[in-house]
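Engineer: Structure below; questions to follow.
The values are calculated or read from the model by the stated rules, or taken from the named source; none is laboratory data. Note that the structure is predicted; figures quoted are calculated from it, not measured. Virtual Cβ from ideal backbone geometry, glycine too; neighbours counted across all protein chains shown. Note: areas computed on protein heavy atoms with side chains; ligands, DNA, RNA excluded. Shrake-Rupley method; radii C 1.70, N 1.55, O 1.52, S 1.80 Å.
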Amino acid sequence: MRYFAISMTLILGSCACNTGTGVMAGGMIGASAGGITGGGKGALIAGAAGAIAGGLMGAALDEQDRRVMERSSPRTVDRMDRREPLTINDVIKLSQGGVSDDTILRYMRETTSSYSLSQAQIRRLQDAGVSQRIIHDMIDSGR
C-alpha cells in the first residue's frame, strides 16, 4: 500500500489536469479503504478500482472545461490544439473561463511561451482578474 501511494504521487503529482487528479485521489482513497477492510490485497484491488473511477470522473471534468472554452473562446482552443504559445488575450480568456492557474501555467511552460510585458499589459491582466501567480510567471518568462 505504501509503495502504491508513493508511486501514484510520483507519477501523477505534477499533473494539473482533472483526469490526473481524479486518478490520484481515487487511487489513494480506494487503497486506504481497501487496506482497512481487506489488508494488502484489498488495498491493491480497491486502489486500482478507485484510480479508474477517479480518472473517469476527472476526464469528464476536463472535457467539460474544454466545451466551456470552445463556446467562450474558440480561437484560444484552436491555438492550444496546435500547441502554439498563448497570447495575452488567451491567458485572460482562460482565466476568466475558470481554467485553473496550474493548467494555464503548465500549458505556458510546455509551449515555452515567452512574454515581455509592458506596465499597461500587466495592469490589463490584473484588471481582467488574472492571478498574480500567472502574471509573475509571464514576467519571469521574458527574462
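Engineer: Looking only at the stretch 109-127, filter to residues that are small (Gly, Ala, Ser) and in contact with a Ser or Thr (Cβ under 7 Å, 6 or more places away or on another chain); which one of those is most open to solvent (accessible area, probe 1.4 Å)?
Structural biologist: Checked the stretch 109-127; the qualifying residue most open to solvent (accessible area, probe 1.4 Å) is Ser114.
Engineer: I've got another one for you. List every residue pair whose Cβ atoms lie under 6 Å apart, where the two residues are 6 or more positions apart in sequence or sit on different chains, the first residue falls within the stretch 130-143 and is farther than 15 Å from Thr111 by Cβ, and the second residue, located anywhere, is surrounded by 15 or more Cβ atoms within 10 Å (Cβ to Cβ) and not aliphatic (A, V, I, L, M).
Structural biologist: Between residues of the stretch 130-143 that are farther than 15 Å from Thr111 by Cβ and residues that are surrounded by 15 or more Cβ atoms within 10 Å (Cβ to Cβ) and not aliphatic (A, V, I, L, M), the close pairs are Val130/Ser95; Ser131/Asp101; Arg133/Asp101.
Engineer: Look at Arg106 and say whether it is open to solvent by 80 Å² or more (accessible area, probe 1.4 Å) and part of a helix (DSSP H, G or I).
Structural biologist: No.
Engineer: Considering only the stretch 89-129, state which residues are among the small types (Gly, Ala, Ser) and touching a residue at least 40 places away in the same chain (Cβ under 8 Å).
Structural biologist: Across the stretch 89-129, the qualifying residue is only Ser100.
Engineer: Anything in the stretch 61-96 that is open to solvent by 60 Å² or more (accessible area, probe 1.4 Å), in a helix (DSSP H, G or I), modelled with pLDDT under 85 and not polar (S, T, N, Q)? List them, or say none.
Structural biologist: Of everything in the stretch 61-96, those that are open to solvent by 60 Å² or more (accessible area, probe 1.4 Å), in a helix (DSSP H, G or I), modelled with pLDDT under 85 and not polar (S, T, N, Q) turn out to be Leu61, Glu63, Asp65, Arg66, Arg67, Glu70, Arg71, Pro74, Asp78, Asp81.
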